[in-house]
Amino acid sequence: MENNNHSVMNVKKYLGDLNGGGLLIAETRIICEIQLKNLSVDEWKKLVVDENVLQKKSPQTALRFANVIRKRLEVMGKPFSQLLLDVSERAYIQLLMAAFMIQSPVIVDFMREYLAEARRTYKPDIANDAWISFIDDRIKVIPELASYSESTLKRMGSNVIKALVDTGYLKSTRQRQIQAVYLLPEVKELLININKQEVIDVMECTQ
């Protein structure tokens, strides 16, 4: 396993918003449309809280999801939000995965060390405990990871696995057979335009 220089990276930046959910496919489309309207804070809150556009059970939950999505979109820039609403469903999901990986660099390492490694060694699937094994390995490089509770780390792992299933890298959350994913041209083009070519290599790890 390679040791990346994440020991100097703030652990919160490394994990990003991994605790906030997976790709949030349906919710992101709604927030994306709102973001592109350039609303005031009050107008934005009115839609999320009062009108409950995300259809969540409580205002707190709605705001939490909305803020997670908003941060992901802001990191990627306005052209990304516009592109999200103009592409096919498959490209849309691949773009959400790219944003998820950029916001939470830990996913990049996990995909590189488990999906790419499995492909290189002709393994058909990843083990059920792959995420926890990966975190145990990362703790040697980033000791601060050990300050997170086991339940929080497991929840983060569930979000990563679900995202990999949604994007087509794994067959299902139970059956973790690795599947080939071919990045669409518009996804590659966006990642090149925002100087994230390295994400392309990681996302194509199962070709």
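The values are calculated or read from the model by the stated rules, or taken from the named source; none is laboratory data. Quick caveat: nothing in here was measured; it's all calculated off a predicted structure. Quick reminder, even Gly has a Cβ in these numbers, built from the backbone with ideal geometry, and neighbours come from all protein chains shown.
Points worth noting:
- Residue that is surrounded by the most Cβ atoms within 10 Å (Cβ to Cβ), among those in the stretch 120-148 that are among the hydroxyl-bearing types (Ser, Thr, Tyr) and in a loop (DSSP other than H, G, I, E, B): Tyr148
- Lone qualifier among Val68, Val75, Val49 - being modelled with pLDDT under 90 and either within 28 Å of Lys154 (Cβ to Cβ) or assigned to a helix (DSSP H, G or I) (or both): Val75
- Filter result for the condition that a residue is at pLDDT below 95 and either in the same structural domain as Thr28 (by TED's automatic domain parsing) or over 30 Å from Ser88 (Cβ atoms) (or both), over Lys196, Lys140: Lys140
- Number of positions in the stretch 176-207 that are part of a loop (DSSP other than H, G, I, E, B) and of a type outside the set (Lys, Arg): 12
- Residue list for the stretch 81-100, restricted to those being touching a Lys or Arg at 6+ places or on another chain (Cβ under 9 Å) and either more than 18 Å from Lys37 (Cβ to Cβ) or not in a loop (DSSP other than H, G, I, E, B) (or both): Leu84, Tyr92, Leu96, Ala98, Ala99, Phe100
- Whichever residue in the stretch 106-119 is more than 16 Å from Gln177 (Cβ to Cβ) and of a type in the set (D, E, K, R) and, among such residues, is surrounded by the most Cβ atoms within 10 Å (Cβ to Cβ): Asp109
- Of the residues making up the stretch 11-48, those that are hydrophobic (A, V, I, L, M, F, W, C), free of Cβ contacts under 8 Å to residues at least 24 places away in the same chain and either outside the structural domain of Asn67 (by TED's automatic domain parsing) or more than 24 Å from Arg90 (Cβ to Cβ) (or both) are Leu39, Val41, Trp44, Leu47, Val48.
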